[in-house]
1. State which residue is surrounded by the most Cβ atoms within 10 Å (Cβ to Cβ) when the search covers only the range 67-92 and only residues that are of a type outside the set (S, T, N, Q), closer than 17 Å to LEU124 by Cβ and in contact with a Cys (Cβ under 9 Å, 6 or more places away or on another chain).
2. For the range 82-115, which residues satisfy the criterion of being part of a loop (DSSP other than H, G, I, E, B), hydrophobic (A, V, I, L, M, F, W, C) and either without any contact (Cβ under 8 Å) to a residue 12 or more places away in the chain or in contact with a Gly (Cβ under 9 Å, 6 or more places away or on another chain) (or both)?
3. Scan GLU100, GLU44 and give me the residue that is over 15 Å from LEU123 (Cα atoms), in contact with a Phe, Trp or Tyr (Cβ under 9 Å, 6 or more places away or on another chain) and surrounded by fewer than 18 Cβ atoms within 10 Å (Cβ to Cβ).
4. How about the range 13-41: which of its residues are in contact with a Pro (Cβ under 8 Å, 6 or more places away or on another chain) and surrounded by fewer than 16 Cβ atoms within 10 Å (Cβ to Cβ)?
5. Note down all Cβ pairs under 8 Å where the first residue falls in the range 7-18 and is part of a loop (DSSP other than H, G, I, E, B), the second is modelled with pLDDT under 90, and they're at least six residues apart or on different chains.
6. Which one is farthest from ASP119 (Cα to Cα) among residues in the range 47-66 that are open to solvent by less than 10 Å² (accessible area, probe 1.4 Å) and either of a type outside the set (Phe, Trp, Tyr) or free of Cβ contacts under 8 Å to residues at least 12 places away in the same chain (or both)?
Amino acid sequence: MPLLLPGTDSESLRQALARPDSWLVACFCAAWCDTCQQYRPKLEALAQARPEHVFAWIDIEDHPDLLGDEDVENFPTLLVQAGGRTLFYGTMLPHIGHLERLLDSLAADAPGVKTALPDVPALLSRA
C-alpha cells in the first residue's frame, strides 16, 4: 500500500482504515523540514513493504487538527494506533530501521500509551 496523504488520498485512507485489523502508522512532518524530506522515500518504501498497515504522511501545518493538544517539536514524530489505542507516539531518529523494529516489537493487544492526541484514524476517515 502506498504512503497516503490526508486530503489527497482521503478515499483510500477511509477504505484502508475501515478494516477492523488496520494499524495506522502516521508520520507527522513539515514541508520545510529537510529531515522529513530525506525520511519520506524510506517511509514510502516501508509502506510498500508492509501493506498490512496504513501509512500516512501528515503535514502538521496543513492538518493541525490531527494533533489535538499535542505538540510536535522534533521530526520525525511517529504515531502507531491500533484498535482505538495509541501503541506509540514520539520522536524517532530518522533511520527507517528503528521504525521497522518498533513495528515488529508491538502487538495489537499491547497496552496503550496516554497522549492528548485525538482519534486520528477516525478524523482521517472523515476527511
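The values are calculated or read from the model by the stated rules, or taken from the named source; none is laboratory data. Computed from a predicted structure; not experimentally measured. In this analysis, Cβ positions are derived from the backbone assuming ideal geometry, glycine residues included, and neighbour counts consider all displayed protein chains. For the accessible areas, the whole protein counts, side chains as well, though only heavy atoms, and no ligand, DNA or RNA atoms are used. Shrake-Rupley method; radii C 1.70, N 1.55, O 1.52, S 1.80 Å.
1. Taking the candidates together, the pick is LEU79.
2. The first filter runs over the range 82-115 and keeps only residues part of a loop (DSSP other than H, G, I, E, B), leaving 83-84, 92-95, 106-115.
Filter once more, so that each one left must be hydrophobic (A, V, I, L, M, F, W, C): 92-93, 106-108, 110, 113.
Matches in the range 82-115: LEU93, ALA107, ALA108, VAL113.
3. Values: GLU100 fails: in contact with a Phe, Trp or Tyr (Cβ under 9 Å, 6 or more places away or on another chain).
Sole residue among the options that is over 15 Å from LEU123 (Cα atoms), in contact with a Phe, Trp or Tyr (Cβ under 9 Å, 6 or more places away or on another chain) and surrounded by fewer than 18 Cβ atoms within 10 Å (Cβ to Cβ): GLU44.
4. Here is the first cut: in the range 13-41, the ones in contact with a Pro (Cβ under 8 Å, 6 or more places away or on another chain) are 13, 17, 22, 24, 27-29, 35-36, 38-39.
THR35, GLN38 - these are the residues of the range 13-41 that are in contact with a Pro (Cβ under 8 Å, 6 or more places away or on another chain) and surrounded by fewer than 16 Cβ atoms within 10 Å (Cβ to Cβ).
5. Taking only residues 6 or more apart or on different chains, the pairs are GLY7/ALA127; ALA18/SER125.
6. Of the residues in the range 47-66, the ones open to solvent by less than 10 Å² (accessible area, probe 1.4 Å) are 47, 54-56, 58, 66.
Now restrict to residues that are either of a type outside the set (Phe, Trp, Tyr) or free of Cβ contacts under 8 Å to residues at least 12 places away in the same chain (or both): 47, 54, 56, 58, 66.
Values: ALA47: 21, VAL54: 15, ALA56: 14, ILE58: 14, LEU66: 8 Å.
Among residues in the range 47-66 that are open to solvent by less than 10 Å² (accessible area, probe 1.4 Å) and either of a type outside the set (Phe, Trp, Tyr) or free of Cβ contacts under 8 Å to residues at least 12 places away in the same chain (or both), the one farthest from ASP119 (Cα to Cα) is ALA47.
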